[in-house]
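Visitor: For reference, the structure I am asking about is given below.
The values are calculated or read from the model by the stated rules, or taken from the named source; none is laboratory data. The structure presented is a predicted model; accordingly, all values stated were derived computationally and were not measured. Note that we place each Cβ from the backbone using ideal geometry, even for glycine, and neighbour counts take in every protein chain shown.
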Amino acid sequence: MVVPKLVVGALIVDSLEKPSIVLAARRTGPPVLAGRWEFPGGKVETGELAKHALVRELREELSIEVKMGQELVAPGGGHWSISDQVVMRLWFVVIEQGVPKPEDSHDAVAWLDADSLGSVDWLDADRSVLPFVFANR
């Protein structure tokens, strides 16, 4: 049995208690994903804790420091599926320091509320998360 690769993503919100907006980031690559939007994050390195990987990725990708909130667990209690080989874990986070500034892997960011979530072309895996972003908050 092949163990899927783990990636982490952030639901960067304005408030952990009652979020009203979430940050989306537009990818620059690879070519098949360029121009599509995602919740920022990235790969978990060998021996790295998932939460630490997310903090590191947000520092590298957006030049921000964050406070971690609750994990958004996929329906059924598992991880969010990206493919047969990749699964994703997502956490709500708030910015503690910095202003999101796209680096190499993104060329734009946008704050979206519940009504505008569908206004950008999301990656398929991230699109499956949208109904849960503001639910029960």
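Visitor: So, in region 8-22, exactly how many residues are touching a strand residue (DSSP E or B) at 6+ places or on another chain (Cβ under 6 Å) and farther than 14 Å from Leu72 by Cβ? Break it down into steps so the answer makes sense when it comes.
Guide: Taking region 8-22 and keeping what is touching a strand residue (DSSP E or B) at 6+ places or on another chain (Cβ under 6 Å), we get 8-13, 16, 19, 21-22.
Imposing the further condition that a residue be farther than 14 Å from Leu72 by Cβ reduces the set to 21.
Count: 1.
Visitor: State yes or no: is Leu90 surrounded by 15 or more Cβ atoms within 10 Å (Cβ to Cβ), aliphatic (A, V, I, L, M) and touching a helix residue (DSSP H, G or I) at 6+ places or on another chain (Cβ under 6 Å)?
Guide: Values: surrounded by 15 or more Cβ atoms within 10 Å (Cβ to Cβ): yes; aliphatic (A, V, I, L, M): yes; touching a helix residue (DSSP H, G or I) at 6+ places or on another chain (Cβ under 6 Å): no.
Taking the combined requirement at face value, the residue does not satisfy it.
Visitor: Additional query: How about region 93-102: which of its residues are exposed (fewer than 13 other Cβ atoms within 10 Å of the Cβ) and among the hydrophobic types (A, V, I, L, M, F, W, C)?
Guide: Pass one, region 93-102, residues exposed (fewer than 13 other Cβ atoms within 10 Å of the Cβ): 96-97, 99, 101.
Residue satisfying the conditions is Val99 alone.
Visitor: Same structure, new question: Here is a list of conditions, (1) in contact with a Gly (Cβ under 9 Å, 6 or more places away or on another chain); (2) among the β-branched types (Val, Ile, Thr); (3) farther than 18 Å from Ala108 by Cβ, and Thr46 meets all of them except one; can you say which number that is?
Guide: Among (1) in contact with a Gly (Cβ under 9 Å, 6 or more places away or on another chain); (2) among the β-branched types (Val, Ile, Thr); (3) farther than 18 Å from Ala108 by Cβ, the lone unmet condition for Thr46 is (1).
Visitor: Moving on to the next point. Considering region 68-96 alone, what residues qualify as being of a type in the set (A, V, I, L, M) and either under 24 Å from Ile21 (Cβ atoms) or within 14 Å of the chain's Cα centre (by Cα) (or both)? Write out each step before concluding.
Guide: Here is the first cut: in region 68-96, the ones of a type in the set (A, V, I, L, M) are 68, 72-74, 82, 86-88, 90, 93-95.
Passing the criteria: Met68, Leu72, Val73, Ala74, Ile82, Val87, Met88, Leu90, Val93, Val94, Ile95.
Visitor: Do we have any residue at all in region 4-12 that's under 21 Å from Asp115 (Cα atoms), at pLDDT 95 or above, under 15 Å from the mean Cα position of the chain (by Cα) and β-branched (Val, Ile, Thr)?
Guide: Here is the first cut: in region 4-12, the ones under 21 Å from Asp115 (Cα atoms) are 10-12.
Keeping just the survivors that are at pLDDT 95 or above gives 10-12.
Pick out the ones that are also under 15 Å from the mean Cα position of the chain (by Cα) and you get 10-12.
The next check asks that each one be β-branched (Val, Ile, Thr); those that pass are 12.
Within region 4-12, one or more residues are under 21 Å from Asp115 (Cα atoms), at pLDDT 95 or above, under 15 Å from the mean Cα position of the chain (by Cα) and β-branched (Val, Ile, Thr).
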